[in-house]
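Peer 1: The structure under discussion is supplied below as structure tokens; questions concerning it will follow.
Each reported figure results from applying straightforward, stated rules to the coordinates on display, with no laboratory input. Predicted model, so just to flag it, every value in this text is computed and none were measured. Positions of Cβ are generated from backbone atoms using ideal geometry, with glycine treated the same way; all protein chains shown enter the neighbour counts.
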Amino acid sequence: MTLVQAAYDQCRLYRQYLVDNDAGGMWKHIAMGSNEDNGHWTTGNGWAAAGMLRVLGSIQHSQFSKSMKNQAKDLTGWVNEIHSGIYPHLDKQEKPE
């Protein structure tokens with residue numbers, strides 16, 4: 001397993017446990033464990049999306065870019081999923097025109 005594949009797998013597994021499809025794709029704050037918090041932390045969702053974009057960029061600029069096209073497509077979709085989940089919850093004053 002390559003380091004970029006391991007990074008992708010971490011994103012995939014985090015998403016598997018944290019995505020809340022009932023909330024339009026936002027991620028929960030903390031899942032499982034003794035301090036579970038199923039609330040949605042928008043800053044954390046932003047960090048998750050930013051981290052996935054970093055992994056995506058690493059894949060795209062690596063020697064494995066051709067063999068990891070499906071992983072790159074997943075990451076792009078997951079970032080869009082987070083954005084689609086968060087934007088409806090922004091205050092109208094915060095939305096870009």
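Peer 1: Please find, in a Gaussian network model of the chain (springs between Cα atoms separated by less than 10 Å), the residue of I86, I30, I59 whose mean-square fluctuation is greatest.
Peer 2: Answer for the Gaussian network model of the chain: I30.
Peer 1: What are the principal axis extents of the Cα atoms in the chain, in Å, biggest first?
Peer 2: Principal-axis extents of the chain (Cα, largest first): 42, 41, 18 Å.
Peer 1: Right, another one. Counting pairs of alpha carbon atoms under 8 Å apart in space and at least six apart in sequence, what relative contact order in percent does the chain give? Could the numbers behind the result be given before it?
Peer 2: Working: 81 pairs, mean separation 27.3, N = 97.
RCO, the chain: 28 percent.
Peer 1: Where in the chain lies the longest segment free of trypsin sites (Lys or Arg not before Pro) that are both loop residues by DSSP (not H, G, I, E, B) and have at most 16 other Cβ atoms within 10 Å? Let's see the in-between values first.
Peer 2: Values: sites that count: K66, K92.
For trypsin sites (Lys or Arg not before Pro) (loop position, at most 16 other Cβ atoms within 10 Å), the longest site-free span of the chain is 1-65.
Peer 1: Next question. Would you please give the FRET efficiency between S65 and D22, computed as 1/(1 + (r/R0)^6) with r the Cβ-Cβ distance and R0 = 30 Å, to the nearest 0.05?
Peer 2: Plugging the Cβ-Cβ distance into 1/(1 + (r/R0)^6) gives 0.30.
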